[in-house]
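J.: Before I ask anything, let me first share the structure, which is written out below as structure tokens.
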Amino acid sequence: MNSKRPVRRVVALTATVLLLATACGAGDDAAPDPASAASPTATEQSTPLETPTATGQPTPAATSAATEVPTAVEVAPVQVVGQPLGPIGDSPDADPAFRQPVPALNGTAIDGSPLEWIPGERPAAIVFLAHWCPACQAEVAELTEWLAEGNNLPEGVDLLSVVTLVDSGRDNYPPSQWLADEGWPFPVLVDSADNEVAVAFGQAGTPFWVLVFGDGTLALRGSGRIPPEGLAELFDQLLAPGDG
């Protein structure tokens with residue numbers, strides 16, 4: 001009966017922390033429509049990629065052979081299980097997909113290992129990143145530095161990142177090297193060549209944030225940077241009693 005109070009708090013908070021900086025999606029940094037953008041096929045790097053794992057975050061599924069060493073990929077096939085969320089509309093505060101079940105994802109981590117994410121196991125945040133987007137580059141650098149300084153996000157919320165809109169002809173390619181150089185500590189799912197994950201989640205501009213209640217339904221989504229302190233506060237709100 002009291003579940004709506006935390007929902008309103010999360011919505012109000014998002015208005016203050018989301019869209020901190022202009023998302024990539026206009027002018028020279030325009031993000032192509034995820035449904036029509038052409039991306040290269042999966043590309044293998046010459047050397048294995050080692051990606052750090054954040055404590056308390058979901059980790060890629062174990063490979064079948066312990067002796068196999070994953071090799072970095074930039075795009076790969078992905079299975080979206082469930083109903084797509086559809087377009088976000090004019091405002092995150094009036095999202096037509098609010099409280100809609102969020103689809104599950106089954107694909108490949110950026111290090112080449114299998115990665116499956118199932119909503120409803122606990123609250124989650126998903127951030128969609130484009131390697132060529134200056135706002136995404138700033139978001140990754142700021143959060144990574146904040147964590148390196150000894151700060152921590154509240155435990156109990158998973159953070160999954162999705163690399164999408166990959167384009168080998170644009171700056172900062174390949175995304176696997178970019179995130180490895182930054183020391184990005186969160187699991188990274190690579191989108192398909194047709195950007196199926198971005199389409200399913202209604203991604204508009206990057207970085208694009210999706211917040212998911214503990215019951216697996218949509219809490220909020222929107223494009224723009226979120227400062228680390230604001231992200232930590234959003235995590236607290238997702239963990240508040242009655243949020244799903």
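J.: Under 8 Å between Cβ atoms, at least 6 apart or on separate chains: pull out the pairs that start in segment 203-227 with a residue that is closer than 16 Å to Gln83 by Cα and touching a residue at least 12 places away in the same chain (Cβ under 8 Å) and end on any residue that is among the polar types (S, T, N, Q) and surrounded by fewer than 22 Cβ atoms within 10 Å (Cβ to Cβ).
T.: Close Cβ pairs (under 8 Å, with a partner that is among the polar types (S, T, N, Q) and surrounded by fewer than 22 Cβ atoms within 10 Å (Cβ to Cβ)) amount to Thr217/Gln100; Leu218/Gln100.
J.: Please state which one of Glu121, Glu155 is of a type outside the set (Gly, Ala, Ser), assigned to a loop (DSSP other than H, G, I, E, B) and modelled with pLDDT under 95.
T.: None of the others qualify; the one that does is Glu121.
Yes/no matrix, rows are residues, columns are (1) closer than 24 Å to Glu116 by Cβ; (2) surrounded by 15 or more Cβ atoms within 10 Å (Cβ to Cβ); (3) in contact (Cβ under 8 Å) with a residue 12 or more places away in the chain:
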{"site": "Glu142", "(1), (2), (3)": "no, yes, yes"}
{"site": "Trp146", "(1), (2), (3)": "no, yes, yes"}
{"site": "Glu149", "(1), (2), (3)": "no, no, no"}
{"site": "Asp158", "(1), (2), (3)": "yes, yes, yes"}
{"site": "Val162", "(1), (2), (3)": "yes, yes, yes"}
{"site": "Ser168", "(1), (2), (3)": "no, no, yes"}
{"site": "Leu179", "(1), (2), (3)": "yes, yes, yes"}
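J.: Looking at Ser192 and the list (1) assigned to a loop (DSSP other than H, G, I, E, B); (2) touching a His at 6+ places or on another chain (Cβ under 6 Å), which single condition is not satisfied?
T.: Going through (1) assigned to a loop (DSSP other than H, G, I, E, B); (2) touching a His at 6+ places or on another chain (Cβ under 6 Å) one by one, Ser192 breaks only (2).
J.: Which one is modelled with the lowest pLDDT, of the residues in segment 90-105 that are over 14 Å from the mean Cα position of the chain (by Cα) and surrounded by 15 or more Cβ atoms within 10 Å (Cβ to Cβ)?
T.: Pro92
J.: Could you look through segment 190-202, keep only residues that are within 15 Å of the chain's Cα centre (by Cα) and surrounded by fewer than 24 Cβ atoms within 10 Å (Cβ to Cβ), and pick out the one that is farthest from Val80 (Cα to Cα)? So that I can check it myself, show each step before the final result.
T.: Narrowing segment 190-202 to residues within 15 Å of the chain's Cα centre (by Cα): 190-192, 195-202.
Those left that are additionally surrounded by fewer than 24 Cβ atoms within 10 Å (Cβ to Cβ): 192, 196, 199-200, 202.
Values: Ser192: 10, Glu196: 8, Val199: 10, Ala200: 7, Gly202: 13 Å.
Looking at residues that are within 15 Å of the chain's Cα centre (by Cα) and surrounded by fewer than 24 Cβ atoms within 10 Å (Cβ to Cβ), I get Gly202.
For every residue, the table says whether it meets (1) within 30 Å of Ala240 (Cβ to Cβ); (2) at pLDDT 65 or above; (3) not in a loop (DSSP other than H, G, I, E, B).
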{"residue": "Pro40", "(1), (2), (3)": "no, no, no"}
{"residue": "Glu50", "(1), (2), (3)": "no, no, no"}
{"residue": "Pro58", "(1), (2), (3)": "yes, no, no"}
{"residue": "Thr63", "(1), (2), (3)": "no, no, no"}
{"residue": "Ala66", "(1), (2), (3)": "no, no, no"}
{"residue": "Ala76", "(1), (2), (3)": "no, yes, no"}
{"residue": "Val80", "(1), (2), (3)": "yes, yes, yes"}
{"residue": "Phe128", "(1), (2), (3)": "yes, yes, yes"}
{"residue": "Trp132", "(1), (2), (3)": "no, yes, no"}
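The values are calculated or read from the model by the stated rules, or taken from the named source; none is laboratory data. The structure displayed is predicted, hence computed values, not measured ones. No Cβ is skipped: glycine too gets one built from the backbone with ideal geometry, and neighbour counts run over all protein chains shown.
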